[in-house]
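Peer 1: Here it is: the structure, laid out below.
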Amino acid sequence: MSASETPQPMTSRRSGALAGTLTVPGDKSISHRALMFGLMTVGETKITGLLEGEDVLNTAKVCRQLGAKVERTGPGAWTVHGVGVGGLHQPAEPLDFGNSGTGARLMMGVVGANPIRATFDGDASLRKRPMRRALDPLELFGLTVVAQAEGGRLPITIEGPKNAIPVTYASPVASAQVKSAVLLAGLNAPGVTTVIEKEATRDHTERMLIHFGADVTVTPEGEHGRRIALVGQPELKPAPVVVPADPSSAAFPLVAAAIVPGSDVTITGVMMNPLRTGLLTTLIEMGADIQTLNARVESGEDVADLRVRGSKLHGVDVPAHRAPSMIDEYPVLAVAAAFAIGTTRMRGLHELRVKESDRLAAVAAGLAVTGVDHVIEGDDLIVRGTGRAPGGGPVETHMDHRIAMSFLVMGLAADNPVTVDDTTFIATSFPDFIPLMRRLGGELS
């Protein structure tokens, strides 16, 4: 949704037990990457389960602008006829990523080592988000930033080098987007490109590189880190991609079922990549009744069904090194923490300050308006749970889909209804969130 659209407030109310089986949308991280890898592969890539939210549809459109033939053949079913590594076309128009920081930063890597010029842009929310963290390492390949808005923000025009040079990059921040941008640029540089990260982040790019036939070596680095080495200029081979259900989207019905007494909900086909299961680990530590069923592997990713029942939760200490594996799930974890007995301390949340909104500030403001005792100390969020949340509102969402969904989940178990000021942005990641929660028995109006 664009920022110019009329806001759509919504209120959620205390509900009876939630029950049912559901499938949440395909994983957004995998969906973006499947399209991009299809673009860089010669031949046909078939994708099933693609998330058809606006962020991913914008990435599909951008792939077309760069020369790929991208077609939807059915619900969640897409084909991409790519142009190969190094074969990107000069785009005639700016590349518009809407609300998607992932789409923009990853595509800067895809485009940045090609000898073409491209302008990257997005909506009002995306134009506020910092892009230098991706551009700085890409300049090492020989990329030139031709134009940029103040503070390294969109719109940004880049020009790739005639001959990219491979780099070794030690990432100063734990960011899967920055790592992925460097590896995707490394595809079109001869020789070996290496990324060193102190904290292991989501490894979807590495897994998909291997799935499409690239030569990638991953070795441990220090206590929690990794060293990823990629041999450049491979010929990627078409490979089918089955997109698993997004754990970041599954987080909302998962927490809702845990905090609404008597609930019994099963979520099917959820990605169980160990670098994405931080929320699951944390909820189980808090005492949530969650069973993992039917574990399997699809397109190089671990997948399982999750059954969750209403539970009595208690406060826990969430270590900083877990943050990269659940960075998008902290807003809804804060909601779970409100219904836990005791203090939950979420450590090392600096990354939340540079999301769709300053998510740390937005979560704290939402907790304040709904009567939940909390405090921010440095980059830590501390929630003092009492087993209940008073509720209230309106919660300001700041055009952030995850803030909107998190506080609507809170309302399903709060003493009083919870109102959020806008739900239009939910469509960027979870278009069916509201009807799906209603189907489980949630009261949203």
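Peer 1: Going by alpha carbons, how many degrees (0 to 90, nearest 10) lie between the helix axis of 28-39 and the longest principal axis of the chain?
Peer 2: 20 degrees
Peer 1: Can you work out the PRE-style zone for E52? Point 7 Å along Cα to Cβ, and I want the residues of the range 78-121 with backbone N under 13 Å.
Peer 2: Only 78-79 pass the distance filter.
Peer 1: Let me ask another. How large is log10 I(q)/I(0) at q = 0.19 Å⁻¹ when the Debye formula is applied to the Cα atoms of the range 85-124, each weighted equally and without solvent?
Peer 2: -0.53
Peer 1: A further question follows. According to a simple spin-label model (label point 7 Å from Cα along Cα-to-Cβ), what is the distance in nm between T21 and L293?
Peer 2: 0.7 nm
Peer 1: Further question on the same structure: For the chain, with all protein chains present and a 1.4 Å probe, just round the carbon and sulfur fraction of the accessible area to a whole percent.
Peer 2: 52 percent
Peer 1: Right, another one. Against the empirical 2.2 N^0.38 Å scaling, what ratio does the C-alpha Rg of the range 132-276 come to?
Peer 2: 1.27
Peer 1: Here is a further query. Using a probe radius of 1.4 Å on heavy atoms only, what accessible surface per residue do you get for the chain? Whole Å² is fine.
Peer 2: 35 Å²
Peer 1: So what's the angle, to the nearest 10 degrees on a 0 to 90 scale, between helix 176-186 and the longest Cα principal axis of the chain?
Peer 2: Approximately 10 degrees, to the nearest 10.
Peer 1: A follow-up question, please. How large are Rg and Dmax for the range 187-343 when calculated on the C-alpha trace, in angstrom?
Peer 2: Cα only, the range 187-343: 18.0, 58 Å (Rg, Dmax).
Peer 1: Which whole-angstrom value gives the distance between the alpha carbon centres of the range 68-94 and the range 359-415?
Peer 2: 40 Å
Peer 1: Would you mind checking the tilt of helix 54-65 against the longest principal axis of the Cα atoms of the chain, expressed as 0 to 90 degrees and rounded to 10?
Peer 2: 10 degrees
Peer 1: Given a Förster distance of 22 angstrom, what is the FRET efficiency for I376 paired with E5, based on the Cβ-Cβ distance and rounded to 0.05?
Peer 2: Efficiency at R0 = 22 Å is approximately 0.10.
Peer 1: Kindly work out what percent of the DSSP beta bridges joining two residues of the range 114-239 are antiparallel, to the nearest 5.
Peer 2: Counting only bridges with both partners in the range 114-239, antiparallel ones make up about 85 percent.
Peer 1: Subtracting the Cα-Cα distance from 0.36 nm times the residue separation, let me have the gained length for T281 to R72 in nm, one decimal.
Peer 2: 71.7 nm
Peer 1: Keeping all protein chains in position, work out how much accessible area R117 exposes to a 1.4 Å probe, and write it in Å² to the nearest 10.
Peer 2: Number for this one is 110 Å².
Peer 1: State, in angstrom, two size descriptors of the range 124-184 derived from its alpha carbons: Rg to one decimal place and Dmax to the nearest whole number.
Peer 2: 11.9, 34
Peer 1: For the range 202-278, go through all pairs of different Cα atoms, get the mean of 1/r, take its inverse, and jot down that Kirkwood value in Å.
Peer 2: One decimal place: 15.3 Å for the Kirkwood radius.
Peer 1: Which of the GluC sites (Glu not before Pro) across the range 168-220 are loop residues per DSSP, with 10 or fewer other Cβ within 10 Å? Walk me through the numbers on the way to the answer.
Peer 2: Values: sites: E197, E199, E206; in loops: E199.
Passing both the DSSP loop test and the Cβ count: no residue.
Peer 1: Quote the relative contact order of the chain in percent (integer), defining contacts as alpha-carbon pairs under 8 Å separated by 6+ residues. Each step should come with its number before you reach the end.
Peer 2: Working: 1164 pairs, mean separation 84.9, N = 445.
For the chain, the relative contact order is 19 percent.
Peer 1: Among G385, G262, G122, determine the one that fluctuates most according to a GNM of the chain built with springs between C-alpha atoms less than 10 Å apart.
Peer 2: Of G385, G262, G122, the Gaussian network model singles out G262 as fluctuating most.
Peer 1: For T386 and D317, compute 0.36 nm times the residue count separating them, minus their Cα-Cα distance, and round to one decimal in nm.
Peer 2: Length gained, T386 through D317: 23.2 nm.
Peer 1: Using a 1.4 angstrom probe and counting only protein chains, how large is the accessible area of R388 in Å², to 10?
Peer 2: Using a 1.4 Å probe on the heavy atoms, I get roughly 120 Å².
Peer 1: Sort the range 267-313 into rounded, prolate or oblate with this rule: let a ≥ b ≥ c be the square roots of the eigenvalues of the Cα gyration tensor; rounded if a/c is under 1.5, and if a/c is not under 1.5, prolate when a/b is larger than b/c, oblate otherwise.
Peer 2: Taking the square roots of the gyration eigenvalues as a ≥ b ≥ c, the range 267-313 is oblate.
Peer 1: Apply the a/c threshold of 1.5 to the C-alpha gyration tensor of the chain and tell me whether it is rounded, prolate or oblate.
Peer 2: Prolate shape, in that a/c is at least 1.5 and a/b is the bigger ratio.
Peer 1: Mind putting together the pair-distance distribution for the range 1-132? All Cα pairs, 10 Å bins, whole percent per bin, short to long.
Peer 2: Pairs per bin, as whole percents: 12, 38, 30, 14, 6, 1.
Peer 1: Another question, then. Lysine pairs, Cα distance under 25 Å, 8 or more residues apart or cross-chain: how many in the chain?
Peer 2: Lysine pairs meeting the criterion: 26.
Peer 1: What is the Cα coordinate range of the range 323-445 on the first, second and third principal axes, sorted by size from largest, in whole angstrom?
Peer 2: For the range 323-445, the Cα extents along the three principal axes come out at 37, 29, 24 Å.
The values are calculated or read from the model by the stated rules, or taken from the named source; none is laboratory data. What you see is a predicted model; the values in this text were computed from it and never measured. When we count neighbours, we look across all protein chains shown, and the Cβ atoms used for this are built from the backbone with ideal geometry, even at glycine. Ligands, DNA and RNA are excluded from the accessible area calculation, which covers all protein heavy atoms including side chains. Shrake-Rupley method; radii C 1.70, N 1.55, O 1.52, S 1.80 Å.
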